[in-house]
Structures are given as structure tokens and as C-alpha cells.
Amino acid sequence: MSKRGLLACAIALALAAVAPLAITSPAYQNMLIVALMLAQLGVAWNILGGYAGQVSLGHAAFFGIGAYTSTLLLMHFGLSPWLGMLAGGALAVAFALVIGWPCFRLKGHYFAIATIAVAEILQVVFTNWDFVGGAVGLTVPMRDTGLAAFVFNSKLPYYYISLALLLLTLAASRAIETSYLGHYFRAIKDEPDAARSLGIDLTRYKLIAIAASSFFTACGGTLYAQKELFVDPGSVMATSLSVKIALVTILGGVGSLIGPVIGAGILTAIEESTRQIFGGSGRGTDLILYGFIIVVVAVYYPQGVVGGIRAWLARRRSPPAPGVERAA
């Protein structure tokens, strides 16, 4: 990374660290937390959907597994939610490997449809499973408060934990992007036949991508459960959540490290602003705006917001043709 890039990252991190101290309203702090959580999920999705090119619309299944696993382990065995987060991630990886093996035999939109079906089936199972609370859901026990209990009386700790989890996911994504795995993933995405002819085991590396993606998605599910202190199939396994996770990356820039973070900021701002402007009477307005933005991005900026910014910077840096004035 260039010195300019490192400086930009340092400034962004410093601003993120002081943001909740300057914004003291609990409502706005909660909006920042939601944006960070959504960004983390987008970065996790990007490992599979962006780098490896396997568009999943069923990531809510991994999110829900993480949320339910930590909650159930806390309720029945008194296990710390921090350990429950790791257990949920491990269980999500196991589930991802089981479903990934047959699903990766499908290509393109058939794979996307298969992931939707898997997530819907899992949601139906949990809705009718009494042990996990069924459709009523589960309330996370509040036996204690503090860092060890992963329960807090204010929004501030949740903000910094969300920020830390986002930074951890970004670091893992960056490590994958710059390693041989990143090169293999991009080869599988862009030229699968050529990658296979070079001896790359497509299924094996797709499974590695979905394992990493599902683990971090499940960690986000545990964070959600501890923040809301309640989980049910409709909130942690809904197809709309899977779509939102994918939209974050598509809007920000598929395959770019910072794209999901930008996309999460935009989508969260749209969601919160429409809720404040229209209230209950404007339900669904945010979805209309989502669709409109995605259409505009798909037509004019297929590489997302990040791709559009890079293209604009490239035009600014390139010398204009003789006799042609540079556009503003």
C-alpha cells in the first residue's frame, strides 16, 4: 500500500475512533453501530462473492447460525458469548462446507438460487424447532454486564467491538487478497477454465472461500445477538438480510477491500433517513431507493462506487488529448 493510502487509512481509523465521542446521541450512535456491522458482513461476503465470484444470496443462514449458537450455549451451558462466537463460527464453517460441496457444482444464477433455497430451508427448520424457540425466538440472558458477559448498559462498547470486528475482517480479507489465495480466487472468478487447466482445484478453493466468508459472517451474528439480546428466525435468517449483505458490496464495489464499507455507509444512511422522514407510512421506501441506486450503479458504474471513483481519478490524471479541454 502506498504512503498516501496508509495516511488515508490512518485518518479514517482516527475519525472512526472519535466519532462516537463527538456524536453522543444514542440514536445516532446506534446508526453508526448498524453501519459498522453491515460493513463487516459485506466484507465477509466479499471474500466469496467478490474475490471468488460466487454470488451467494443465502448468507443470512451463517449469520443466524452464529447468533443462535452463542445464545444457546449461553442459555444451556453458561458458556461465554466470546467463546460462543468462535463456536458459532466453527459451526457455520462446517455447515458451509456441507452445502458448498453440492452447490458449487452449479454455476452462475443457479448457484445463487441454491443458496437462497438453503437459507429458506434453514429458516423454516428453526421456525418449527421448539428447542431453539421456534417462531417466538430466544431472549439472551442478562446474568451480568461488562466485557466478559458481552452485555453493556450503553452503546459505546458495542460501537468499539463492532469497529474491532470490522477491522479484523478487513485484515483477514486483505491477507487473502494479497496471498496466493487471492490470485487463485480471482482466476476462478475471471477464467475458471484456464484456472482448471493450470491445475487449480476449483471446488477446493471455493470451499476455502466460503469457509472464511461464513466464519466472519457468523461472528457478526453473535455480535448482533449480544447487542439486541434477542434472536428469532425472522430477524437473523431472513432472505432480505442476505440480499442486503450482497447489496452492500455490489453498491460499494465488488472485489474491492473498502467497497463494502462505503456501500454500508450509503445504505444505512438511506435506511435511517427514510425511516425518519416517512416513519411507518414510508415502509418499503428504502427498498425502492435501494433498487434505484443499484440500477444506476449497474448502468453507469458496473464496478460500484469504488470503481466509479477510480475511473474518475484515472481520467483526471491522464493528459487530455490535444485541442480538448478537460471536463470539470
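Quick look at the numbers
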| quantity | calculated |
| --- | --- |
| Residue check, H59 modelled with pLDDT under 95 and out of contact with any Gly (no Cβ under 7 Å at 6 or more places or on another chain) | no |
| One residue from K107, K155, K206, K189 being of a type in the set (K, R) and within 28 Å of A27 (Cβ to Cβ) | K155 |
| Which listed residue, of G53, G66, G89, is within 16 Å of the chain's Cα centre (by Cα), on the phi > 0 side of the Ramachandran plot and crowded, with 17+ Cβ neighbours inside 10 Å | G53 |
| Top-ranked residue of the stretch 27-48 - restricted to ones that are in contact with a Ser or Thr (Cβ under 8 Å, 6 or more places away or on another chain) and of a type outside the set (A, V, I, L, M, F, W, C), ranked as farthest from L156 (Cα to Cα) | N46 |
| A218 being assigned to a helix (DSSP H, G or I), of a type outside the set (D, E) and under 20 Å from the mean Cα position of the chain (by Cα) | yes |
| Scan of the stretch 110-121 for residues that are hydrophobic (A, V, I, L, M, F, W, C) and touching a Gly at 6+ places or on another chain (Cβ under 7 Å), ordered by number | I116, V118, A119 |
| Where A225 falls short, out of the listed (1) modelled with pLDDT under 90; (2) under 18 Å from the mean Cα position of the chain (by Cα); (3) part of a helix (DSSP H, G or I) | (1) |
| Subset of the stretch 121-153 (residues that are more than 25 Å from the chain's Cα centre (by Cα) and either at positive phi or not in a loop (DSSP other than H, G, I, E, B) (or both)) | D130, F131, G133, G134, G146 |
| Residue ID - farthest from the chain's Cα centre (by Cα), chosen from residues in the stretch 202-215 that are polar (S, T, N, Q) and more than 12 Å from G66 (Cα to Cα) | T203 |
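Residues checked against (1) out of contact with any strand residue (DSSP E or B) (no Cβ under 7 Å at 6 or more places or on another chain); (2) assigned to a loop (DSSP other than H, G, I, E, B); (3) not hydrophobic (A, V, I, L, M, F, W, C):
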position: G42; (1), (2), (3): yes, no, yes
position: N46; (1), (2), (3): yes, no, yes
position: G49; (1), (2), (3): yes, no, yes
position: S56; (1), (2), (3): yes, yes, yes
position: Y68; (1), (2), (3): no, no, yes
position: T71; (1), (2), (3): no, no, yes
position: F95; (1), (2), (3): yes, no, no
position: G100; (1), (2), (3): yes, no, yes
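The values are calculated or read from the model by the stated rules, or taken from the named source; none is laboratory data. These numbers were taken from a predicted model, which means no experiment stands behind them. When we count neighbours, we look across all protein chains shown, and the Cβ atoms used for this are built from the backbone with ideal geometry, even at glycine.
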